[in-house]
1. Using Cβ contacts closer than 10 Å as the measure, can you line up 96, 82, 49 from fewest to most?
2. For residue 55 and residue 92 in the same chain, what is the full-extension length gain: residue separation times 0.36 nm, less their Cα-Cα distance, in nm?
3. Expected output is a single nm value to one decimal: the length gained when fully extending between residue 99 and residue 43, i.e. 0.36 nm times separation in residues minus the C-alpha distance. What is it?
């Protein structure tokens, strides 16, 4: 029964993250003003969110290590995996951006 509850909580977390991603504020500015500043802001927010996820995972792991009541091993492992997956995704996005930049720089003029 505990696994079902953990799975349901994980699914709720994932749905909440999906809703957060889908409800990002849409700019009312014309497309010419959207440019790199909005992309840079979005990338910065993504990096900050990954950092926050890693910090929360570390704090939860430390709380479990010192024996704080109410901290379950499954919560620690889920937080650790969330942090790991988010960091891997961010790394892949970075790799794709670097590859796209290199491809553009190698284009003949």
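No lab work stands behind these numbers, since they all come straight from the coordinates. On a predicted model such as this, the values are computed, not experimentally measured, just so you know. Neighbour counts run over all protein chains shown; Cβ positions are idealised from the backbone, glycine included.
1. 96, 49, 82
2. 11.3 nm
3. 18.5 nm
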